1. Only residues in the stretch 1-18 that are more than 14 Å from THR44 (Cα to Cα) count as the first member; pair them with residues that are part of a loop (DSSP other than H, G, I, E, B) and of a type in the set (Gly, Ala, Ser), Cβ under 8 angstrom, at least 6 apart or cross-chain, and list the lot.
2. Please indicate, with yes or no, whether at least one residue in the stretch 12-20 is modelled with pLDDT under 80, exposed (fewer than 12 other Cβ atoms within 10 Å of the Cβ) and not aromatic (Phe, Trp, Tyr).
3. Do the conditions hold for VAL7, that is, is it surrounded by 10 or more Cβ atoms within 10 Å (Cβ to Cβ), at pLDDT below 80 and under 9 Å from the mean Cα position of the chain (by Cα)?
4. Which residue out of ILE43, ILE37 is part of a helix (DSSP H, G or I), in contact (Cβ under 8 Å) with a residue 24 or more places away in the chain and of a type outside the set (Asp, Glu)?
Amino acid sequence: MGAPLSVVATAREMSMMVGALLGMVVLREAVGLWRLIGCFVMITGVVLLSAS
């Protein structure tokens, strides 16, 4: 038995959000407000899916 597909698929796609956040923090790249909000929504969704 593996992990549920809903958790695995969203966690896999989260790498783009983590990359955008790391680019903002480490490389001082400009990140718009909507992209930042989207990153936090995706991360929150993955955390909520893994908790259930």
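The values are calculated or read from the model by the stated rules, or taken from the named source; none is laboratory data. Just so you know, these numbers come straight off a predicted model, no measurement behind them. Here the Cβ is made from the backbone with ideal geometry for all residues, glycine too, and neighbour counts use every protein chain on show.
1. Close Cβ pairs (under 8 Å, with a partner that is part of a loop (DSSP other than H, G, I, E, B) and of a type in the set (Gly, Ala, Ser)) amount to VAL8/GLY2.
2. yes
3. In short, no.
4. Answer to the check: ILE43.
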